[in-house]
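Peer 1: This is the structure I want to talk about, given as structure tokens.
The values are calculated or read from the model by the stated rules, or taken from the named source; none is laboratory data. On a predicted model such as this, the values are computed, not experimentally measured, just so you know. Ideal geometry is used to build each Cβ from the backbone, glycine not excepted, and the neighbour counts take in all protein chains shown. When the accessible area is computed, the model is the full protein with side chains, heavy atoms only, and any ligands, DNA or RNA have been set aside. Shrake-Rupley method; radii C 1.70, N 1.55, O 1.52, S 1.80 Å.
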Amino acid sequence: MIAGLLQYLLLAHAMVVGSVQLLTRDNWHEHITGRHDWFIMFSQQGCPHCKRLEPMWEAMETRLGAAGEGVRVGRVNVSTDNGIALTFDVERFPTLLLLSADGRAYEFQERRRSLPLLSAFATGGYRNQLSSLAVPTTLRPNEPQWWLLLRSLWKPLKQTVIVAFSIAACLAGGIKLLIYACGIRVPEEAAEGEATNKKKAG
């Protein structure tokens, strides 16, 4: 009960303070310098899950700052700075990335999100993850929204086409096998057989 009350107070305080650093293409290299760990939320306008996480993300900054952990908390608005998301191959929202001071990126992958879990991950728990990526030194440029829409549709479309071709190939193979098993001759094979018989008869 006390832990729940503390979390509620932190959320309420964070909603007033609002001190999470907004990271953009213009200030990215000013802040991501390799001197501190950064815990960053990639959010998108109109995303209900991102909206629900925002108060907790503000509370994360308050909690880590008060504890003197040395972890900075930031946010990227992908709707205006999609080049940063493209740089890190971020496609789901919200995505939470920990950029360590030694140049590695770790994704928070737990489905359940709470202040204790997030702060434990940010203050060293990320080191238990087996997978990480090197933090790119340059950012990709922003892309037009229509291109991002096509890009998001391409993967499922590609998978659908592959599945359709696989099904067609399986059906064709099954039909040929059935014809062979039943001893049925297709028209081309029947014509060739008649021509051979005529030659033999002649």
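Peer 1: Pull up all non-local amide H partners of Val71: gap of 5 or more, or a different chain, and H-to-H distance under 5 Å with H placed in the peptide plane.
Peer 2: Residues meeting the amide H criterion: none.
Peer 1: Quick check: residue separation of Glu30 and Arg104 times 0.36 nm, minus the Cα distance between them. What number comes out in nm?
Peer 2: Fully extending the segment from Glu30 to Arg104 adds 24.9 nm.
Peer 1: How would you classify region 35-102 from its alpha-carbon gyration tensor, with a ≥ b ≥ c the square roots of the eigenvalues: rounded for a/c under 1.5, else prolate if a/b is greater than b/c, otherwise oblate?
Peer 2: oblate
Peer 1: With θ set to phi - 60° and the Karplus curve 6.51 cos²θ - 1.76 cosθ + 1.60, what are the ³J(HN,Hα) couplings of region 108-116 in order, to the nearest whole Hz, using x for Gly and Pro?
Peer 2: Values per residue, Gly and Pro as x: 6, 10, 5, 6, 8, 10, 8, 4, x Hz.
Peer 1: Less than 13 Å Cβ to Cβ from Leu117, Lys/Arg counted +1 and Asp/Glu -1: what total charge do the surrounding residues give?
Peer 2: Taking every Cβ under 13 Å from that of Leu117, the sum is +3.
Peer 1: Taking a probe of 1.4 angstrom, what is the accessible area of Thr138 in Å², to the nearest 10?
Peer 2: Counting only protein heavy atoms, the figure is 100 Å².
Peer 1: Sticking with this one: Run through region 20-113 and list the chymotrypsin sites (Phe, Trp or Tyr not before Pro) located in a DSSP loop whose Cβ has at most 16 other Cβ atoms within 10 Å.
Peer 2: none
Peer 1: Quick one: how many Å² of His29 are accessible to a 1.4 Å probe, rounded to 10?
Peer 2: Number for this one is 100 Å².
Peer 1: What's the FRET efficiency of Arg52 with Asn128 using the Cβ-Cβ distance as r and R₀ = 25 Å, to the nearest 0.05?
Peer 2: Once the sixth-power term is evaluated, E becomes 0.40.
Peer 1: Hey, with R₀ at 25 Å, roughly what FRET efficiency would Thr160 and Glu91 work out to, going by the Cβ-Cβ distance, to 0.05?
Peer 2: Once the sixth-power term is evaluated, E becomes 0.90.
Peer 1: In whole Hz, what ³J(HN,Hα) sequence does region 74-81 give by Karplus (6.51, -1.76, 1.60; θ = phi - 60°), x for Gly and Pro?
Peer 2: Residue by residue, region 74-81 yields x, 9, 10, 8, 5, 5, 10, 10 Hz.
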